[in-house]
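Worksheet for the structure shown next.
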Ligand SMILES: Nc1c(N[C@@H]2O[C@H](COP(=O)(O)O)[C@@H](O)[C@H]2O)[nH]c(=O)[nH]c1=O
Ligand SMILES: [Zn+2]
């Protein structure tokens, strides 16, 4: 996106602060975006705020309340175009106008078709100077989930897996505890805290019996989603335990036994979504249904069959692979056993790669499609 007027170093400083504020709510605003706002006057911050949770006041409202009368003739720095529509809250463009701000600096226009460009146009119509595009790349990156979901109706899907240097997710006897280091496993809990849904196949539940909860002190449990076409997972599987604070959804098909489906539906915190297909869960439909339910991001944790199919169906946006400096050889399982590409010239090439070795494993992040908005996702240091 083009910057519509030159910015100065204060502009960058204040927009950076607005971005830092926005990401404090990472993992808490879905299906809505992360947004931060700073109000500055005479090179001083006089008000700031960020969006905390969908359906609650927008970032601009918090920042204007914080600034009070000092907002008059000030500059507002917003990481996303101010909204112009009456949704669950009134339009922020009008709030900025009423508060008397004289300039608004916007990092990126809103991809939401309800807004896109109208907020900026409304402010300009009143005579407010609006500069668009400052730190647009950073702003797009923190909202990669929101952008994908609002423009496609599909969730942003990340495939996370750990493997040995020779590409195995377990030994040939099935031992997978643990492939990756303690540090990498700790990071996975940060991912679970950030994404709405954790997705796994029935095979993973049958073999590893994971709880798929978030074990960070201030973390929140994501929704656990299990794809289980034949409804094979046992009723005492850990994912079905009601101790987690979020529901467990099981996606199944007509192949599920009626009795078992009835019994699972009775478990507290468990929902069974039955699709009208003979054996295989229609994955893209399932993903659409997640967004309809307000869940816009998915952390796919295995296994290799499901991950391969999702990659083949172009449903995966990003990968986070932990490669441990270990060798096990043999015929152990692969992280993408469901993907069968025959010719190297057809291999899926990753883009915008990042490499990190801080955890003792090689942590590789990459995107399945090329885009301008990719980069290093910021760490959320602390909440509030
Ligand atoms: N600035 C900003 C948003 N801006 C726009 O408002 C839309 C959400 O409207 P509603 O669900 O009615 O609150 C959202 O999709 C985005 O287009 N939303 C937010 O939740 N927080 C904010 O700080
Ligand atoms: Zn708004």
Legend entry - Selected residue [more than 30 Å from residue 216 (Cβ to Cβ), free of Cβ contacts under 8 Å to residues at least 60 places away in the same chain and within 16 Å of ligand 2 (Cβ to nearest atom)] from 47, 36, 68, 55: 47
Inset, instruction - From the list 114, 80, 64, pick out the single residue that is farther than 20 Å from residue 135 by Cα and either at pLDDT 95 or above or in contact with a helix residue (DSSP H, G or I) (Cβ under 7 Å, 6 or more places away or on another chain) (or both). - result: 64
Inset, instruction - Report whether or not residue 278 is in the same structural domain as residue 361 (by the TED database) and either in a strand (DSSP E or B) or touching a helix residue (DSSP H, G or I) at 6+ places or on another chain (Cβ under 7 Å) (or both). - result: no
Inset, instruction - Return a yes/no flag: does region 92-101 have any residue that is away from ligand 2 (no atom under 14 Å from the Cβ), at pLDDT 95 or above and over 24 Å from residue 8 (Cβ atoms). - result: no
Inset, instruction - Give me the pairs, please: first residue somewhere in region 108-131 and more than 16 Å from residue 96 (Cβ to Cβ) and in the same structural domain as residue 95 (by the TED database), second residue anywhere and within 15 Å of ligand 1 (Cβ to nearest atom) and in a helix (DSSP H, G or I), beta-carbon distance under 8 Å, and either six or more positions apart or on two chains. - result: 108/139; 108/140; 111/146; 111/147; 111/150; 111/151; 112/150; 113/150
Legend entry - Matching residues in region 93-104 - criterion: being within 13 Å of ligand 1 (Cβ to nearest atom) and in contact with a strand residue (DSSP E or B) (Cβ under 8 Å, 6 or more places away or on another chain): 96, 104
Legend entry - Count of region 84-101 residues which are in a helix (DSSP H, G or I) and under 16 Å from residue 59 (Cβ atoms): 6
Inset, instruction - Determine if region 309-329 includes at least one residue that is surrounded by 15 or more Cβ atoms within 10 Å (Cβ to Cβ), free of Cβ contacts under 8 Å to residues at least 40 places away in the same chain and either outside any loop (DSSP other than H, G, I, E, B) or on the phi < 0 side of the Ramachandran plot (or both). - result: yes
Inset, instruction - Go through (1) part of a helix (DSSP H, G or I); (2) loosely packed, with under 14 Cβ neighbours inside 10 Å one by one and return the number of the condition residue 188 breaks. - result: (2)
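Take the residues of region 31-49 that are modelled with pLDDT of 95 or more and surrounded by fewer than 22 Cβ atoms within 10 Å (Cβ to Cβ): which is nearest to residue 129 (Cα to Cα)? Step through it out loud before you land on a result.
We begin by selecting, within region 31-49, every residue modelled with pLDDT of 95 or more; these are 31-41, 44-49.
Filter once more, keeping what is surrounded by fewer than 22 Cβ atoms within 10 Å (Cβ to Cβ): 31, 41, 44-46, 48.
Values: 31: 30, 41: 15, 44: 19, 45: 19, 46: 19, 48: 20 Å.
Only one residue fits best here, namely 41.
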Inset, instruction - Give region 64-83 a look and list any residue that's outside any strand (DSSP E or B), crowded, with 21+ Cβ neighbours inside 10 Å and over 25 Å from the mean Cα position of the chain (by Cα), or say none. - result: 64, 67, 71, 74
Inset, instruction - Scan region 296-308 and give yes if some residue there is modelled with pLDDT of 95 or more, more than 15 Å from residue 335 (Cα to Cα) and outside any strand (DSSP E or B), otherwise no. - result: yes
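Restricting to region 69-91, what's the tally of residues that are touching a strand residue (DSSP E or B) at 6+ places or on another chain (Cβ under 8 Å) and either near ligand 1 (Cβ under 8 Å from one of its atoms) or outside the structural domain of residue 109 (by the TED database) (or both)?
So the first thing to find is which residues in region 69-91 are touching a strand residue (DSSP E or B) at 6+ places or on another chain (Cβ under 8 Å), and the list is 70-71, 73-82.
Those still in the list that are either near ligand 1 (Cβ under 8 Å from one of its atoms) or outside the structural domain of residue 109 (by the TED database) (or both) too: 78, 80-82.
Counting residues in region 69-91 that are touching a strand residue (DSSP E or B) at 6+ places or on another chain (Cβ under 8 Å) and either near ligand 1 (Cβ under 8 Å from one of its atoms) or outside the structural domain of residue 109 (by the TED database) (or both) gives 4.
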Inset, instruction - Scan region 153-166 and give yes if some residue there is part of a loop (DSSP other than H, G, I, E, B), at pLDDT 95 or above and on the phi > 0 side of the Ramachandran plot, otherwise no. - result: yes
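When the residues of region 102-130 are filtered to those that are in a helix (DSSP H, G or I) and closer than 21 Å to residue 50 by Cβ, which remaining residue is nearest to ligand 2 (Cβ to nearest atom)? I'd like the intermediate steps shown before the answer.
Going residue by residue through region 102-130, those that are in a helix (DSSP H, G or I) are 118-126.
Subsequent filtering for residues that are closer than 21 Å to residue 50 by Cβ retains 119-120, 123.
Values: 119: 8, 120: 13, 123: 12 Å.
That would be 119.
Regarding residue 153, is this residue buried (at least 22 other Cβ atoms within 10 Å of the Cβ), in contact with a helix residue (DSSP H, G or I) (Cβ under 6 Å, 6 or more places away or on another chain) and farther than 23 Å from residue 324 by Cα? Outline the logic, then answer.
Working: buried (at least 22 other Cβ atoms within 10 Å of the Cβ): no; in contact with a helix residue (DSSP H, G or I) (Cβ under 6 Å, 6 or more places away or on another chain): yes; farther than 23 Å from residue 324 by Cα: yes.
For residue 153, the condition - buried (at least 22 other Cβ atoms within 10 Å of the Cβ), in contact with a helix residue (DSSP H, G or I) (Cβ under 6 Å, 6 or more places away or on another chain) and farther than 23 Å from residue 324 by Cα - is not met.
The values are calculated or read from the model by the stated rules, or taken from the named source; none is laboratory data. Predicted, not measured: the structure shown is a model, and the values here were computed from it. Cβ: placed from backbone, ideal geometry, glycine included. Neighbour counts: every protein chain shown.
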